[in-house]
Every structure is written in structure tokens, then in C-alpha cells.
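Have a look at the structure below, then the notes.
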Amino acid sequence: MRSVKSEREIAMIRRASQIAGLGLLEAMRSTEPGVTEYQLDAAARYVFLVNDARLEGYRSITASGTENINNMHYFRNTSTLKDGDLVLMEPTSSWDDGDMVAVWLKDREETTLKKIYFEGERVRLQPANSTMEPIYAKARDVEVQGKVLYRLGKGF
């Protein structure tokens, strides 16, 4: 992927991100015991299609329950949700202080995975690794691409 984008490409990426967010919100609204993972995927895909998206950028990982959610490459989407199941879906542009997020740093043209904290007109991006320094950026130069919903491993 090229790091330099035209205005048209940037507009298309932004629109695709908006559509993805709308689809995920619909899937979240559809989440309840008895629904299958593929039905949640279908709810999101329906919103993609009615908003003129032609194809997905990547295949959905919609996983529920402890057996499926631990596999980050899970693709079957066939399990039925049970009461209390955790569902893993990810892309989002919303966040709360302290969330681990994937952030596009516009001024640096790079993405990083850090805990995010809003501090007035700037944002502090705090690494999980205590030996690394935080990144400070102007709030307008930070675009959240996704939120870590499930973490596995000692590195977090």
C-alpha cells in the first residue's frame, strides 16, 4: 500500500471507514443469544451493500465463545451465540480514555497500537511497554482505526 494518497483516495478510505462503522453498529444491535455468527456478519454486510460498498476489504472475523474467540484467524462464523458469550468484532473510530487502539497518525503517516488518552487539544498514546516513551499528538492529527476488544498474551 502506498503511503502517499490522492485526495480522491483519502475520501474513498474515509467513506469506507464510515460504512464499516455503520455495519458494525448494526451487527452490535443484532447481537443476542440464539443469533449465529454468520447472521451478525450478514447484518454488517447488508449495511455495507445498501451504502454502495461493492466488496469487503477483508473477510469478517465474527467469533463468539471461548473456543472460537481465541483463534484470531477464525472464519467459519457458524456458532450460535449463548447468553454471556463474548463476540469479537473490531474496526471503529470511537474510543474511551485508556482503550488500546490502532491509531493513524496523520502527520507521521503511520499507524501504531497504543493506549489512548485525551488531554485537552492533544492526545497521549501510551505504549504497553513501560520502557518506551508515550507519543503526544494534536487531537486533529489522530484518527482511531480500531479498538482492541480482546487481548491475548503477556505483551498486553
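The values are calculated or read from the model by the stated rules, or taken from the named source; none is laboratory data. In this text, all values refer to a predicted model and were calculated from it rather than measured experimentally. With ideal geometry, Cβ positions are generated from the backbone for all residues, glycine too; neighbour counts draw on all protein chains shown.
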Mind checking which residues of segment 48-60 are among the hydroxyl-bearing types (S, T, Y) and surrounded by fewer than 17 Cβ atoms within 10 Å (Cβ to Cβ)?
Y58
Quick check on M89: is it touching a Leu at 6+ places or on another chain (Cβ under 9 Å) and modelled with pLDDT under 75?
yes
Residue hits (segment 1-47; among the hydroxyl-bearing types (S, T, Y) and exposed (fewer than 12 other Cβ atoms within 10 Å of the Cβ)) are S3, S6
Go through (1) surrounded by fewer than 12 Cβ atoms within 10 Å (Cβ to Cβ); (2) outside any loop (DSSP other than H, G, I, E, B); (3) modelled with pLDDT under 75 one by one and return the number of the condition N68 breaks.
(1)
Could you please give the count of residues in segment 115-134 that are surrounded by 17 or more Cβ atoms within 10 Å (Cβ to Cβ) and touching a residue at least 24 places away in the same chain (Cβ under 8 Å)?
1
Among the numbered criteria (1) free of Cβ contacts under 8 Å to residues at least 12 places away in the same chain; (2) within 26 Å of K5 (Cβ to Cβ), which single criterion is violated by T112?
(1)
Filter segment 19-36 for residues that are in a helix (DSSP H, G or I) and touching a residue at least 24 places away in the same chain (Cβ under 8 Å); the one that is nearest to D52 (Cα to Cα) is I19
